[in-house]
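The values are calculated or read from the model by the stated rules, or taken from the named source; none is laboratory data. These numbers come from a predicted model, not from an experiment. Counting neighbours? That spans all protein chains shown, and the Cβs are built from the backbone with ideal geometry, glycine included.
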Amino acid sequence: MIRLCRKLTSSDKELNNLINFDPLYQPYPSYRVPVYAKQGMVATSQPLAAQAGLDVLKRGGNAIDAAIATAAALTVLEPTSNGIGGNAFALVWTEGKLHGLNASGPAPQGISIEALQAAGHTEMPKLGVVPVTVPGSPAG
């Protein structure tokens, strides 16, 4: 195992005492080493997708640009986990304002409580085509 450390400054020590946080404390035998960055970071389950986002940041893009590039790469690299047929949620701070994106899919236009009851359902089915929502990502 490799651990990179730097000497703590007085402000680091004060902050650690204030929030009582030790980044090197690992209570479990299996863990990930914390990573810190000054100019940006991209984290995904797929290294090539993370690299796509990092490349965008290196070329002067912002976090929104990097997130779009990463999501596009994940569509190819992990098609069962991410894609245009899904939903998208984001909290983005840009230009001094907080923006929220809820691109969750709505129910199909032709479905209603009355239609479900007429089909003999007393509650929303867990399986089949009835509980499927319209993809929300394209509208986001």
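Take ALA37 and decide whether it is of a type outside the set (Lys, Arg) and under 28 Å from THR133 (Cβ atoms). Criteria not met by ALA37. Considered as a group, the residues in the range 98-112 that are part of a loop (DSSP other than H, G, I, E, B) and aliphatic (A, V, I, L, M) include one that is nearest to VAL132 (Cα to Cα), and that residue is ALA107. Residues that are in contact (Cβ under 8 Å) with a residue 24 or more places away in the chain and assigned to a helix (DSSP H, G or I) within the range 46-97 comprise LEU48, ALA49, ALA63, ILE64, ALA66, THR70, ALA73, LEU74, LEU77, listed in sequence order. Tell me whether the range 30-43 contains one or more residues that are within 23 Å of GLY86 (Cβ to Cβ), in a loop (DSSP other than H, G, I, E, B) and in contact (Cβ under 8 Å) with a residue 24 or more places away in the chain. Among the residues of the range 30-43, at least one is within 23 Å of GLY86 (Cβ to Cβ), in a loop (DSSP other than H, G, I, E, B) and in contact (Cβ under 8 Å) with a residue 24 or more places away in the chain, which makes the answer yes. Quick check: anything in the range 26-41 closer than 23 Å to GLY136 by Cα, modelled with pLDDT of 85 or more and surrounded by 10 or more Cβ atoms within 10 Å (Cβ to Cβ)? No, that holds for no residue.
For LEU91, the conditions (1) modelled with pLDDT of 85 or more; (2) touching a strand residue (DSSP E or B) at 6+ places or on another chain (Cβ under 9 Å); (3) surrounded by 13 or more Cβ atoms within 10 Å (Cβ to Cβ) all hold with the exception of (3).
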